[in-house]
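Step one of this worksheet: look at the structure below.
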Amino acid sequence: MHISLKAMTYFTTALRHGNIAKAAAELNIAASAVSAAIDQVESACDLTLVTRHRARGIQPTANGLAIARKCARLLEDYQSILTEGAELKQSLSGTLRIGYYAPIAPAFLPKILACCMQEAGEVTLHIEECDNDSAQEGLLNGTYDVILFVSEGARPSIDYDVLISAPPYCLLPEAHRLATQHTVTMADIAREPLVVLNRPVAAAYYRGLFDALGREPAIAAYATSTEMVRSLVSLGHGCAILNMRPLTRTTYSGGAVIEVPISDALPPLTLAIAYDKSRPRRIVQTFVDACRDHFEAIGTEQCIVGS
């Protein structure tokens, strides 16, 4: 038989007063509830813990005093857990664990964190790049507090908000003949060698664009990072299709690239944010709000290539 926290509270209060009626008055309950709690604790321990005196109230036995001390410690620990939990929920300190599947996250994530952490206390950031499935799995199993991911591959159990919807654009070397055009078509791109961002969700999405066109692109290279794609394009290995752009046209290789809108009506990719919306810690909610504010204010202009 278990002992409830309520029974422990009633039991220790009764022993502190040495009187059931006084304990009931403090707890604002019926005296019978206090008496029943004492019976519950005695039954669970299979010990006599108090001696009842008709005129003088109750007196703890040696075993009763020992059990009361243990109950008091358990109740203190329980209250401490509640207090620390409340403080953690409201605190702007602690650890914030972010998982992201967003190839250009380094272009906007540090800026967002700098803004939302200005009022924070001691915060330790754990920022991890992962694939779309790993990000979602990490949110569900508690590895991450919040994730940035592509919602086209969202699981039904993930509750998310879309931050930005980004149409595809063509990435070209600065000196390429198409780089001076206002727009290009998918047919134009299909005639060029292609450097493909070979990441989950992204690769299937780009392949689908050519499937809809009924053309098979000539693949010059596959790369698993956006910056490798950009560097290969800048040095003339081909063109590429991407969705979000960083703030610079200079690549790691030192070459420059140009982003040109695609005139075809094509489906976008959406960057989304997901977290536990039912009981978010204050630091998590602060970060989420900062992400929304960033993309509502300037993110679209900076990250999307318009036609």
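The values are calculated or read from the model by the stated rules, or taken from the named source; none is laboratory data. Given the structure is predicted, the values throughout are model-derived calculations rather than measurements. Virtual Cβ from ideal backbone geometry, glycine too; neighbours counted across all protein chains shown.
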Among the residues of segment 55-64 satisfying the criterion of being surrounded by fewer than 14 Cβ atoms within 10 Å (Cβ to Cβ) and either in contact with a helix residue (DSSP H, G or I) (Cβ under 6 Å, 6 or more places away or on another chain) or among the hydrophobic types (A, V, I, L, M, F, W, C) (or both), which is modelled with the highest pLDDT?
Ala62
Would you mind stating whether Ala21 is more than 30 Å from Arg282 (Cβ to Cβ), in a helix (DSSP H, G or I) and either of a type outside the set (A, V, I, L, M, F, W, C) or touching a residue at least 40 places away in the same chain (Cβ under 8 Å) (or both)?
no
Within segment 274-296, how many residues are part of a helix (DSSP H, G or I) and in contact with a Gly (Cβ under 8 Å, 6 or more places away or on another chain)?
1
Which residue, of Ala274, Ala240, Ala265, is touching a strand residue (DSSP E or B) at 6+ places or on another chain (Cβ under 9 Å), modelled with pLDDT of 90 or more, closer than 30 Å to Ile219 by Cα and among the hydrophobic types (A, V, I, L, M, F, W, C)?
Ala240
Scanning segment 120-130 residue by residue, the ones that are at pLDDT below 90, surrounded by 14 or more Cβ atoms within 10 Å (Cβ to Cβ) and not in a strand (DSSP E or B) total 1
Could you check segment 246-273 and list, in sequence order, the residues that are assigned to a loop (DSSP other than H, G, I, E, B) and either under 12 Å from Val146 (Cα atoms) or among the acidic types (Asp, Glu) (or both)?
Asp264
Any pair with Cβ under 9 angstrom, 6 or more apart, that starts in segment 39-52 at a residue that is in contact (Cβ under 8 Å) with a residue 12 or more places away in the chain and ends at one that is of a type in the set (Asp, Glu)
Thr48/Glu42; Leu49/Glu42; Val50/Glu42
Quick test for you: out of Arg97, Arg155, pick the one residue that is at pLDDT 90 or above, farther than 21 Å from His294 by Cα and out of contact with any Pro (no Cβ under 9 Å at 6 or more places or on another chain).
Arg155
Among the residues of segment 28-39, is any at pLDDT 90 or above, within 14 Å of Gly64 (Cβ to Cβ) and charged (D, E, K, R)?
yes
Only unsatisfied item for Arg52, checking (1) at pLDDT 85 or above; (2) out of contact with any strand residue (DSSP E or B) (no Cβ under 6 Å at 6 or more places or on another chain), is (2)
